[in-house]
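The values are calculated or read from the model by the stated rules, or taken from the named source; none is laboratory data. Computed from a predicted model, the values in this text were never measured in an experiment. Don't worry about glycine lacking a Cβ; one is built from the backbone with ideal geometry, like all the others, and counts go over all protein chains shown. The protein model used for the area step is the full one, side chains on, heavy atoms only, and it has no ligands, DNA or RNA in it. Shrake-Rupley method; radii C 1.70, N 1.55, O 1.52, S 1.80 Å.
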Number of protein chains: 2
Amino acid sequence: MSTKKHPKKIYLPEDRLPKAWYNMVADMPNKPLPPLHPATKQPVGPDDLAPLFPMALIQQEVSTERYIEIPEPVREIYKIWRPSPLIRAYNLEKALDTPAKIYYKYEGVSPAGSHKPNTAVAQAFYNASEGVKRLTTETGAGQWGSALSYATQLFDIDLQVFMVKVSYNQKPYRKTMMNIWKGKVVPSPSELTETGRKILAEDPDNPGSLGIAISEAIEMAVKDPQTKYALGSVLNHVLLHQTVIGLEAKEQMEMVDAYPDVVIGCFGGGSNFAGISFPFVRDKIVEGKQTRIIAVEPQSCPKLTRGQFRYDFGDTIGMTPLIPMFTLGHNFMPPAIHAGGLRYHGAGAIVSQLLKDGLIEAEAVPQLESFEAGILFAQTEGIIPAPESTHAVVQTVREALKAKEEGKEITILFNLSGHGHIDLGAYEQYLNQHIHNYEVTDEQIAENLKVLDEMGFPKP
Amino acid sequence: MSTKKHPKKIYLPEDRLPKAWYNMVADMPNKPLPPLHPATKQPVGPDDLAPLFPMALIQQEVSTERYIEIPEPVREIYKIWRPSPLIRAYNLEKALDTPAKIYYKYEGVSPAGSHKPNTAVAQAFYNASEGVKRLTTETGAGQWGSALSYATQLFDIDLQVFMVKVSYNQKPYRKTMMNIWKGKVVPSPSELTETGRKILAEDPDNPGSLGIAISEAIEMAVKDPQTKYALGSVLNHVLLHQTVIGLEAKEQMEMVDAYPDVVIGCFGGGSNFAGISFPFVRDKIVEGKQTRIIAVEPQSCPKLTRGQFRYDFGDTIGMTPLIPMFTLGHNFMPPAIHAGGLRYHGAGAIVSQLLKDGLIEAEAVPQLESFEAGILFAQTEGIIPAPESTHAVVQTVREALKAKEEGKEITILFNLSGHGHIDLGAYEQYLNQHIHNYEVTDEQIAENLKVLDEMGFPKP
């Protein structure tokens, strides 16, 4: 084995856990456009959001403050797994025979096994502070539902999770995890809401979708003044909470005198990508750093690389405000890839603006290549990545091989957003060659976007 | 939240990873008795074991050296996840309202999710060093099979795993994990061996047992001079490799000026218990420390608390030498509890001698209490423990509550040997109240032990 210049695992001391989250908006040259009311096309105000979220989160959603203090009880809970380790991928580097230095931030050490608890704990705290006794949410593959279950039981908040029925049946372990943390879970569509009952009356075998699950969760929250709603990605306050990842990573890299030339995160709604990258986007804007910052999406859900920048609903049914986003159209139904967390039609307002302004870039990755990279990573680094996270691994491998070709000693940082222990069924299908790539045609995308024209959604 | 005197997670710097394993035998007042050949009743020599193990491991098996150097390539691989964190269970302490200080060593950070890779990597290294190209092994719940798969692929060794058929069908994720790391797995009984074929001819639906799987793995190794066999617990060299856990824990506790009054590990074959406790047993013998050291077994497989100390087979079928052990009889069939790693009829020679000499003690725990403790732990500390590890949690809770009653500020250290992500099916059954306790009667045990008398196995 080669001589190692610094330890493989770089731990930030617990007392250096960040005291504030970083708010990207403060440093953006062009601020994100405001969300609009779908009927009036006027910017929505705090009052429009009050039935869904506690005031503290609504304030964060529109804040332009550069740093927002992490409440001490949230920091105390973070310490259960944070600061998360930054790891030098010596073994992957060796297998690729690359001169690139590869670092990854590992968020799989959290209770639910991904970055999601970073915002779940914060959201549960702010809701509890304002006396909220009950939350609702939706979950697809179950990462978000289990993270929020973990967080709400810490603050004595009841949680009702609507889990997309097909995932509920496919991933029973996620449901168990939620139950261990006192989360109540029903397959969606459910009998608990009008939306659900209506859909079931028409089609008792409806497999569910994230759009339906969101509608059920919002309906339940709106109808009960004691109940609020929580979202695991897309919104500004969610991305804000995730910046603890990148803030830690920057300090950890400083500890070994490193700074990334490339920062990589997989991309669904944007929360883990924002988490790792925003502090480095700041350096680009404020300090003129030349870092390449790459969001990696699945080829089968290519909103960043092939979508349009325009106003669209955040959900499928159309219950949310209009958000300025790169989108494939809210009625785009992503193919059934195993990276369930990346199956989302749009990107949040901040990330979309950054992409439009050329401050970040995007790449699309086919499903087979993502599993191939996941297995290479498991064999070299010993961690089986979540299907979502493998997308970041693919781009890392691509960049490392390019560096080899060009003989460049670049430094890469990527976010390993979660482990794949609950997703081993997907790996089994890959090993049995039951997984394939999905193509999305230009016609499909154009067809979906046409609906937005017909609905008269403004194009910024 | 209360003022914390030291960080929750105590990391030992990577350059302080132990350079040698600790060999308990060197300091034992009464050395373990030698294994005997079942036919001659004479001590077995290195030649008897040579068809199964490489010479380096056979030498470790009989060594009386106090410290045995960890080869540098093994230390380099250890650094992928070691030193593992020592964690202060502040949140569990608070929930129990106990004056006890609770620390746990967390081995679930390893690639396979338990302590097993500590010996798997060492065994793969020594086999590779002696030119071995192929290994066989058995696995019950799959922890050992996945750990050895991970280790052998690092050294280009082919691995054939015989997995107890009923577990193979119940825990498909473990099989996938082995496949990701290139391990070949068949359900046992299989068509690959004479033993397997004979059993299948008589009973095609035979569900398999650890005993049968061991027989198949040994048969395949014995018949091919290129193939050797690996065992994940019980033997002296396996326990030796696991002492890296306790050696690290001792240094980590020193970092926060702590020393345990009680050391706790769950007990199957003895490897994780030995790993955490042997360095502290040494302190008891050599330095006169008064530490209580507690092995925790399931009530349904009570070899330490209700078994007899005598010679017995290490396996069910009778292919191994006779080992001096606390045993329920090699033909004792443990009830189908979910802590598959604890379903073993005997205890290794060293641990048995220590128990006989009063240097360690043992407790038995019912299955329902183990899951209850597992859920309490998940809710407070954020980690879902493996069903095996929950047994150590139970004893920790008992000791912490006793300390509360007595108003004593004792310090407890336990080994959290693995996470339960692949065992969530068991938790689901517990939450659905489909799990119950199993009683073992004195008559059952006496019946089993009578067989040993009939076979004329010596009683030391």
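Values computed for the structure shown
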read-out: Shielded by partner chains, the range A:410-458 residues - at least 10 Å² of accessible area, 1.4 Å probe, vs chain alone; value: A:His419, A:His421, A:Ile422, A:Leu424, A:Gly425, A:Tyr427, A:Glu428, A:Leu431
read-out: Trypsin sites (Lys or Arg not before Pro) within the range B:389-452, DSSP loop, no more than 14 other Cβ atoms inside 10 Å; value: B:Lys408
read-out: Distances in nm from A:Pro172 to the matching label points in the other copies, shortest first (labels 7 Å along Cα to Cβ); value: 1.1
read-out: Relative contact order (percent, whole number), the range B:1-94, Cα cutoff 8 Å, 6+ residue spacing; value: 50
read-out: Solvent-accessible heavy-atom area per residue, rounded to whole Å², over the protein assembly as shown at 1.4 Å; value: 35
read-out: Across B:Lys9/B:Lys94; A:Lys19/A:Lys133; B:Lys9/B:Lys101; A:Lys94/B:Lys79; B:Lys31/B:Lys450; A:Lys94/A:Lys408, pairs whose alpha-carbon gap is larger than 18 Å; value: A:Lys19/A:Lys133; B:Lys31/B:Lys450
read-out: Cα-based reach from B:Lys171 at 22 Å (exclusive), listing lysines while leaving out same-chain residues under 8 positions away; value: A:Lys171, A:Lys175, B:Lys116, B:Lys182, B:Lys184
read-out: Three-way shape call for the range A:169-323 based on the alpha-carbon gyration tensor, with the a/c threshold at 1.5; value: prolate
read-out: Copy-to-copy label separations for B:Asp442, where each label sits 7 Å from Cα toward Cβ, in nm and ascending; value: 8.6
read-out: Per-selection Rg to Rh, the range B:291-422 - Cα, Kirkwood hydrodynamic radius; value: 1.00
read-out: Total accessible area lost when B and A pair, probe 1.4 Å, Å² to nearest 100; value: 3800
read-out: Sites matching trypsin sites (Lys or Arg not before Pro) across the range B:80-129 that sit in DSSP coil, with at most 14 neighbouring C-beta atoms within 10 Å; value: none
read-out: Label geometry 7 Å along the beta-carbon vector: A:Asp27 inter-copy distances in nm; value: 5.2
read-out: Fraction of accessible area attributable to carbon and sulfur, chain B (%, probe 1.4 Å); value: 51
read-out: Percent of beta bridges antiparallel (DSSP, the protein assembly as shown, rounded to nearest 5); value: 35
read-out: The range B:202-264 - Rg over Rh from alpha carbon coordinates, Kirkwood radius; value: 1.26
read-out: Share of Cα-Cα pairs in the range B:89-150 lying beyond 19 Å, as whole percent; value: 50
read-out: FRET E, pair B:Glu439, A:Asp205, Förster distance 45 Å, beta-carbon r, rounded to 0.05; value: 0.50
read-out: Summed side-chain charge close to B:Gly208 - residues other than B:Gly208 whose Cβ falls under 11 Å, Lys, Arg +1, Asp, Glu -1; value: -3
read-out: Minimum 40 Å² accessible area buried by the other protein chains, the range B:40-77 residues, probe 1.4 Å, relative to alone; value: B:Glu76
read-out: Cβ-derived FRET efficiency at R0 56 Å, A:Glu409 paired with A:Arg197, nearest 0.05; value: 0.40
read-out: Inter-site label distance for A:Gln290 and B:Val286 at 7 Å from Cα along Cβ, in nm; value: 5.7
read-out: Around A:Met28: net Lys/Arg minus Asp/Glu count, Cβ-Cβ under 12 Å; value: +3
read-out: Sparse-neighbour loop sites [trypsin sites (Lys or Arg not before Pro); the range B:128-165; at most 15 other C-beta within 10 Å; DSSP]; value: B:Lys133
read-out: Counted charge near A:Trp81, where neighbours are those whose Cβ lies closer than 13 Å (Asp, Glu -1; Lys, Arg +1); value: +2
read-out: A from B by rotation - nearest chain B beta carbon to the axis, in Å; value: B:His421, 2
read-out: Relative contact order computed over the range A:17-150 (Cα-Cα under 8 Å; 6+ residues apart), in percent; value: 22
read-out: Residues in the range B:156-181 occluded by at least 30 Å² - accessible area, probe radius 1.4 Å, against chain by itself; value: B:Tyr173, B:Thr176, B:Met177, B:Ile180, B:Trp181
read-out: Relative contact order for the range A:160-249, counting Cα pairs under 8 Å that sit 6 or more residues apart, in percent; value: 25
read-out: Extension gain from A:Glu372 to A:Gln59, taking 0.36 nm per residue of separation minus the Cα-Cα distance; value: 108.4 nm
read-out: Exposed-loop-free span, longest in chain A, where GluC sites (Glu not before Pro) count as exposed if DSSP calls them loop and at most 11 other C-beta atoms lie within 10 Å; value: A:192-408
read-out: Kirkwood Rh in Å, taken over all unlike Cα pairs in chain A; value: 22.0
